[in-house]
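Trainee: To start, I am sharing the structure in question, which I have written as structure tokens.
The values are calculated or read from the model by the stated rules, or taken from the named source; none is laboratory data. The model shown is predicted, which means the values in this text are computed figures rather than measured ones. Using ideal geometry, Cβ is built from the backbone for each residue, glycine included, and neighbour counts are taken over all protein chains shown. Each accessible area value is taken on the protein alone, full model and side chains, heavy atoms only, with ligands, DNA and RNA left out. Shrake-Rupley method; radii C 1.70, N 1.55, O 1.52, S 1.80 Å.
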6 protein chains.
Amino acid sequence: MPMIRAEFISGKTEAQKRELVEALTRETARVLEVRKESVWVVLQEVEPENWAVAGTPLSDR
Amino acid sequence: MPMIRAEFISGKTEAQKRELVEALTRETARVLEVRKESVWVVLQEVEPENWAVAGTPLSDR
Amino acid sequence: MPMIRAEFISGKTEAQKRELVEALTRETARVLEVRKESVWVVLQEVEPENWAVAGTPLSDR
Amino acid sequence: MPMIRAEFISGKTEAQKRELVEALTRETARVLEVRKESVWVVLQEVEPENWAVAGTPLSDR
Amino acid sequence: MPMIRAEFISGKTEAQKRELVEALTRETARVLEVRKESVWVVLQEVEPENWAVAGTPLSDR
Amino acid sequence: MPMIRAEFISGKTEAQKRELVEALTRETARVLEVRKESVWVVLQEVEPENWAVAGTPLSDR
């Protein structure tokens, strides 16, 4: 019953999000040897001012 | 000091959200034998296009 | 497809953990009007030295 | 490669959020003896009706 | 700067865990069009008694 | 009511963990202008084989 959570900076297209959940599900099911139906994926889009690397928000870059 | 996090698809009413936090708090305090004041609940509403089962976003269903 | 995550200090009995997942599942299904089969609960037991309130680990209390 | 996640009630200013990521990064790098470049901070702003203490949403207080 | 978190029931082999992080990283980088170096993956192995579906711990199944 | 979660590779000393929760609490209270008593910090130590950058577990480095 794997649960995959993907956090990334907002601004991706709907097509990218669809492809991402499809790919993460397929690979998780394949490697962990579970049915795709048992894999949940949740996407969390983070605004660039809320994600910082080295203390600097990504919105500054 | 329990922390309960509930993730679900957005679209619930305010009354449901109130009842949910009340119920989760009451049951957690009762079972773990802590005061209700020490229980925190955070609700995270997820858009249906950001939650996928079997690789398909729930917005498609 | 709700996902409930409960974090609490380690040291609870197996009976408490069973009762907690049962209660959180039942209440979530009831309030959000979903089938119990669609509710996932994950318990995360935290060591008291890894949980701090007011800057003091709970292991000091 | 520390990852710091800070959840708090929405409504803080941009200046506070910048100062928070800067401070959390600096302290984490200092104490854990890692480079600031390896520290990620994600801020999660929670609406007051989605955060409850003692079963009561903070929006009621 | 995507962050992928995979939670699953403990008991997988080291080879499966290696293959999983490799696959999740590769697919995330490909779909989101970021460098693999910017993708972090964290695995969280959950004991079956701490993961419940329909209110029943997976350790009972 | 801020909640801070710090994930890092296991192997830090108890003194470092104490100093980290103290520092994260102090800075969060100061910047967000809340009492230290309302700040919770949870530490999550991750084994190096469960944390990957660029698809490679940190245990390989």
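Trainee: For residue C:9, which sequence-distant residues (separation of 5 or more, or a different chain) have an amide H within less than 5 Å of its own amide H, given hydrogens modelled in the peptide plane?
Mentor: Here the answer is C:46, since their amide H atoms fall under 5 Å of that of residue C:9.
Trainee: Over 29 Å between C-alpha atoms is what I'm after, so list which of B:36/F:12; A:17/C:12; E:36/F:12; C:12/F:17; A:17/B:12 land there. Each step should come with its number before you reach the end.
Mentor: Details: B:36/F:12 33 Å; A:17/C:12 39 Å; E:36/F:12 27 Å; C:12/F:17 24 Å; A:17/B:12 24 Å.
Going by Cα-Cα distance, B:36/F:12; A:17/C:12 fall outside the 29 Å limit.
Trainee: Let me ask you something else. Accessible area lost on pairing A with E, both sides, 1.4 Å probe, Å² to nearest 100? Present the calculation step by step, with values, prior to reporting the outcome.
Mentor: Working: alone 4750 and 4750 Å², together 7290 Å².
Between A and E, the summed buried area is about 2200 Å².
Trainee: Per-residue Cβ counts within 10 Å, from other chains only, averaged over D:28-35: what number is that?
Mentor: Mean partner shielding for this stretch: 5.
Trainee: While we're looking at this one, here's another question. Can you list the distances in nanometres, one decimal and ascending, from the residue B:34 label point to the identical position in each other copy, with the point 7 Å along Cα to Cβ?
Mentor: 1.6, 2.3, 2.6, 2.6, 3.2
Trainee: Note the distances from residue F:13 to each other copy's matching label point, with points 7 Å along the Cα-to-beta-carbon direction, in nm, sorted shortest first.
Mentor: 4.0, 4.0, 4.0, 5.3, 5.8
Trainee: Turning to a different aspect of this structure: Scan chain D for the residue whose Cβ is closest to the axis carrying it onto chain F, then write down that distance in whole angstrom.
Mentor: Per the D/F rotation axis, the closest residue of D reads D:5, 2.
Trainee: Please compute the average number of Cβ atoms from other chains found within 10 Å of each residue's Cβ in peptide D:10-20.
Mentor: Rounded to a whole number, the mean comes out at 3.
Trainee: Given Cβ point charges of +1 (Lys, Arg) and -1 (Asp, Glu) and nothing else, what value in debye, to the nearest 20, does the dipole of segment A:3-60 about its Cα centre take?
Mentor: Roughly 340 debye for segment A:3-60.
Trainee: Return the loop-located GluC sites (Glu not before Pro) in segment C:1-58 (DSSP other than H, G, I, E, B) with at most 16 other Cβ atoms within 10 Å of their own Cβ; answer none if there are none.
Mentor: On the way: sites: C:7, C:14, C:19, C:22, C:27, C:33, C:37, C:45, C:49; in loops: C:33.
Here the GluC sites (Glu not before Pro) that fit, given the DSSP loop and packing criteria, are C:33.
Trainee: May I ask you to give the solvent-accessible area per residue for segment B:3-60, in square angstrom, as obtained with a 1.4 angstrom probe?
Mentor: Averaged over the residues of segment B:3-60, the accessible area is 38 Å².
Trainee: Under a Cβ-Cβ cut-off of 12 Å, what is the net charge of the residues other than residue C:49 that fall near it, where Lys and Arg count +1 and Asp and Glu count -1?
Mentor: 0
Trainee: May I pose another question? What angle, in degrees between 0 and 90 and rounded to the nearest 10, separates the Cα long axis of helix E:14-32 from the longest principal axis of the Cα atoms of chain E?
Mentor: Between the helix axis and the principal axis of chain E, the angle is about 50 degrees.
Trainee: Let me ask another. Can you list, largest first and rounded to whole Å, the semi-axes you get for the protein assembly as shown by taking the square root of 5 times each eigenvalue of its Cα gyration tensor?
Mentor: The answer is 27, 27, 21 Å, longest axis first.
Trainee: OK, next. First measure r as the distance between the Cβ atoms of residue F:54 and residue B:61, then evaluate 1/(1 + (r/R0)^6) with R0 = 30 Å and state the FRET efficiency to the nearest 0.05.
Mentor: 0.30
Trainee: Okay, next question. Out of the total accessible area of chain A (probe 1.4 Å, heavy atoms of protein only), what percent is carbon and sulfur?
Mentor: 47 percent
Trainee: Continuing with the same structure: Give or take rounding to whole Å, what are the principal axis extents of the alpha carbon atoms in chain A, in descending order?
Mentor: For chain A, the Cα spread along each principal axis is 42, 24, 13 Å.
Trainee: Given label points at 7 Å from Cα along Cα→Cβ, what nm distances, shortest first, separate residue D:59 from the same residue in every other copy?
Mentor: Label point to label point, same position, other copies: 2.3, 2.3, 3.8, 4.0, 4.5 nm.
Trainee: Another question, if that's okay. Considering the dipole of chain D built from charges on the beta carbon (Lys and Arg +1, Asp and Glu -1) around the Cα centre, which of D:38, D:9, D:55 is farthest to its positive end?
Mentor: Checking the options against the dipole of chain D, the answer is D:38.
Trainee: Can you say what percent of the DSSP beta bridges in the protein assembly as shown, counting only those with both residues inside, are antiparallel? Round to 5.
Mentor: Numbers: 45 of 87 bridges.
Given both bridge residues lie in the protein assembly as shown, the antiparallel proportion sits at roughly 50 percent.
Trainee: For segment A:45-61, just list the computed ³J(HN,Hα) in residue order, Karplus coefficients 6.51, -1.76 and 1.60, θ = phi - 60°, integers in Hz, with x standing in for Gly and Pro.
Mentor: Result, rounded to whole Hz: 8, 10, 5, x, 6, 9, 10, 10, 10, 6, x, 10, x, 5, 5, 8, 8.
Trainee: Per DSSP H run of at least 4 residues, take -39500 (n - 2.57); add these up for chain B, divide by its residues and hand me the 222 nm value, nearest 500 deg cm²/dmol.
Mentor: Estimated from H runs of four or more residues: -10500 deg cm²/dmol.
Trainee: May I ask you to derive the FRET efficiency for residue D:14 and residue D:35 from their Cβ-Cβ distance with R0 = 25 Å, giving the value to the nearest 0.05?
Mentor: Once the sixth-power term is evaluated, E becomes 0.45.
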